[in-house]
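The values are calculated or read from the model by the stated rules, or taken from the named source; none is laboratory data. Keep in mind it's a predicted model, so treat the numbers as computed, not measured. Cβ: placed from backbone, ideal geometry, glycine included. Neighbour counts: every protein chain shown.
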Amino acid sequence: MSAQREHFSSRIGFILAAAGSAVGIGNLVGFPVNAAKNGGGAFLLIYAIFVFLVCLPVMMAEMAIGRKTEKEPVGAYKALGGGGMNWNIAGLLGVLTPFMIAVFYMVLTVWIFAYIAITLSGNLSYLASPASFGEIINSSYIFGAMIIVAAIVNFILAAGVKDGIEKAAKTLMPTLFIMLVVLVIFVLTRDNALAGVSFFLIPEFDKITPSVVNSALSQAFFSLSLGMGILITYGSYINRSTDIVNSAKLVAITDTAVAFTAGLMILPAVFSFNPQVNPQELSDSSVSLIFTFLPKIFLALQTSIGYFAASGVAAFFFILVFFAAITSLVSIIEVPVSYLVTEKGKTRKKALATLMMTGGLLALFATVSFGMVGFFTEFTSYAGGTRSFFDVIYDIFYDTILPLNGLLLCLFVSYRWKKHNLSEELATGREGYKGSFAEKYINFSLSTFIPVILLGIFLNTVAVKFFGINIFG
Ligand code: TRP
């Protein structure tokens, strides 16, 4: 296409948009609990090492491919891979994956939105009752919530890269940081809060098993938006004077900092509510934590601050999570939007309409797969259990394909596009990159141990998810 590609207006805009993509529901709830259960400070240490030594080079490679080609994954793999069939498949996976993840993430975001509405209407005690979650996600209001969330996302994306994505990130991300800090301060002044902090921070190295290491790495990889085509697409909107190495570092630091700070909110809240709690008993899933466990904590707050204020704190929390979710949702839908615009010559509006219809229909199927429609609820079965349509999308795309996409990307960059071209791209906008230690590390790691690690994660996930065997014990 001859039209000029739209660009982010500033480096900070790009960094906030990419960080907005990376910061999501998992950072705010999943990460803190995972850390507390799996060795506290020891987990944090391993996580940080993985972020910087394994994930960062992949992030830089994604951004570099995007900026070099000014394309989304399909176009990028085609442009640099010479049109070979195999690499085109990698490109297609790079667009199909975000499309499907968007479907499942849409469902979660809609639930969050419904929870905001319920807390604001003063029904906190209902929210904290055991049956409420199942009732809410199966009520007809959920469809109304879905229309509103779709409208918000559509509104942001229709405005384009600069006036939509970048502007939303520049407003929502700083707001999110402030809200998070306010909540941390509030929680830390509760009784018994410090017990939670120590569970989060004190390292227990004997809890670090191979399976914990594996989960820290997958968590880091997912959290940073890798393997989703997002950073290739966002990379295609940055200009050639931007320092990719430095930008990627800032994105990773922001994402990790938010996850870490969230730990100072969630765990003290849990312990203040129930000092006897054994973190081992907390659920592994962000979903059950957010939607069934935390509402109980908010309700318990009423004894100290009153029902009205407790509802306010709950609404504040769900709005915070909603902001985190919206910026992620926007980023992931931008990948197929960009594909339809760049590869299929559609206008942004047409592309969005197409996606709202196709993706919207799938999201509807996923929404009714929690009991409303039997066919989608008992969609299939594997590894000894029945799986809903929602579970299948989650298992295949969120859990399994991401490391595979990462693996393909490393191989592509190292052996097809070639390392010297990556170096060339990363050196653009960063003086002194050539010959630096960073260059040597990035080129070496991407072509050797990072793909091996990603292959290990991929194989293990397939074994666990679909055959019920854990290679890492
Ligand atoms: N960190 C996100 C989360 O915690 C995971 C994620 C990264 C994500 N990028 C995304 C989710 C894009 C959806 C869309 O949920």
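Collect the residues in segment 226-239 that are more than 12 Å from the ligand (Cβ to nearest atom) and at pLDDT 95 or above, keeping them in residue-number order.
I232, G235, S236, Y237, I238
What do you reckon, is I297 part of a helix (DSSP H, G or I) and either under 17 Å from G40 (Cα atoms) or within 15 Å of the ligand (Cβ to nearest atom) (or both)?
no
Give the number of residues within segment 187-212 that are among the aromatic types (F, W, Y) and either under 23 Å from the mean Cα position of the chain (by Cα) or surrounded by fewer than 18 Cβ atoms within 10 Å (Cβ to Cβ) (or both).
So the answer is 2.
Grab the helices (runs of 4 or more DSSP H) fully contained in segment 368-431, keeping just those with 2 or more residues being of a type in the set (G, A, S).
Because the criterion is at least 2 residues that are of a type in the set (G, A, S), the helices (runs of 4 or more DSSP H) in segment 368-431 that meet it are 419-427.
What are the pairs with Cβ atoms under 7 angstrom where one residue, in segment 24-49, is without any contact (Cβ under 8 Å) to a residue 24 or more places away in the chain and basic (K, R) and the other, located anywhere, is within 16 Å of the ligand (Cβ to nearest atom) and assigned to a helix (DSSP H, G or I)? Sequence gap at least six, or different chains.
Short answer, once both residue conditions are applied: none.
Name every residue in segment 240-293 that is assigned to a helix (DSSP H, G or I), β-branched (V, I, T), away from the ligand (no atom under 16 Å from the Cβ) and under 30 Å from S436 (Cβ atoms), in order of residue number.
Those that are assigned to a helix (DSSP H, G or I), β-branched (V, I, T), away from the ligand (no atom under 16 Å from the Cβ) and under 30 Å from S436 (Cβ atoms): I244, V245.
Residues are listed down the side, and each one gets a yes or a no for (1) of a type in the set (S, T, Y); (2) surrounded by 22 or more Cβ atoms within 10 Å (Cβ to Cβ); (3) closer than 30 Å to D399 by Cα:
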| site | (1), (2), (3) |
| --- | --- |
| N278 | no, no, yes |
| S286 | yes, no, yes |
| T292 | yes, no, yes |
| I305 | no, no, no |
| A325 | no, yes, yes |
| I332 | no, yes, yes |
| K344 | no, no, yes |
| K349 | no, no, no |
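If you go through segment 14-29 one residue at a time, do you hit one that is out of contact with any strand residue (DSSP E or B) (no Cβ under 6 Å at 6 or more places or on another chain) and away from the ligand (no atom under 16 Å from the Cβ)? Steps first, please.
Just the residues of segment 14-29 that are out of contact with any strand residue (DSSP E or B) (no Cβ under 6 Å at 6 or more places or on another chain), to begin with: 14-29.
Filter again for away from the ligand (no atom under 16 Å from the Cβ), leaving none.
There is no residue in segment 14-29 that is out of contact with any strand residue (DSSP E or B) (no Cβ under 6 Å at 6 or more places or on another chain) and away from the ligand (no atom under 16 Å from the Cβ).
Being in a helix (DSSP H, G or I) and free of Cβ contacts under 8 Å to residues at least 12 places away in the same chain is the filter here, so list the residues in segment 148-163 that pass it.
Passing the criteria: A151, F155, D163.
Quick test for you: out of A79, A90, A61, pick the one residue that is away from the ligand (no atom under 16 Å from the Cβ), in a helix (DSSP H, G or I), small (G, A, S) and surrounded by fewer than 22 Cβ atoms within 10 Å (Cβ to Cβ).
One residue alone meets the criteria, A79.
Among what's in segment 1-37 and is in contact with a Pro (Cβ under 9 Å, 6 or more places away or on another chain) and modelled with pLDDT under 95, pick the residue that is surrounded by the most Cβ atoms within 10 Å (Cβ to Cβ).
Once the filter is applied, the top-ranked residue is A36.
Given (1) away from the ligand (no atom under 15 Å from the Cβ); (2) modelled with pLDDT under 95; (3) within 27 Å of I393 (Cα to Cα); (4) surrounded by fewer than 23 Cβ atoms within 10 Å (Cβ to Cβ), identify the lone condition not met by M357.
(2)
Name the residue that is farthest from I266 (Cα to Cα), counting only residues in segment 167-186 that are surrounded by fewer than 17 Cβ atoms within 10 Å (Cβ to Cβ) and among the aliphatic types (A, V, I, L, M).
Checking each candidate, the answer is I178.
Would you pick out the residues in segment 332-364 that are of a type in the set (G, A, S) and assigned to a helix (DSSP H, G or I)?
As a first pass, look at segment 332-364 and keep what is of a type in the set (G, A, S): 338, 345, 351, 353, 359-360, 363.
Listed by number, the residues that qualify are S338, A351, A353, G359, G360, A363.
Okay, residues lined up against (1) touching a Lys or Arg at 6+ places or on another chain (Cβ under 9 Å); (2) on the phi < 0 side of the Ramachandran plot; (3) within 16 Å of the ligand (Cβ to nearest atom):
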{"residue": "E6", "(1), (2), (3)": "yes, yes, no"}
{"residue": "L45", "(1), (2), (3)": "no, yes, no"}
{"residue": "C55", "(1), (2), (3)": "no, yes, yes"}
{"residue": "R67", "(1), (2), (3)": "yes, yes, no"}
{"residue": "G83", "(1), (2), (3)": "no, no, no"}
{"residue": "T97", "(1), (2), (3)": "no, yes, yes"}
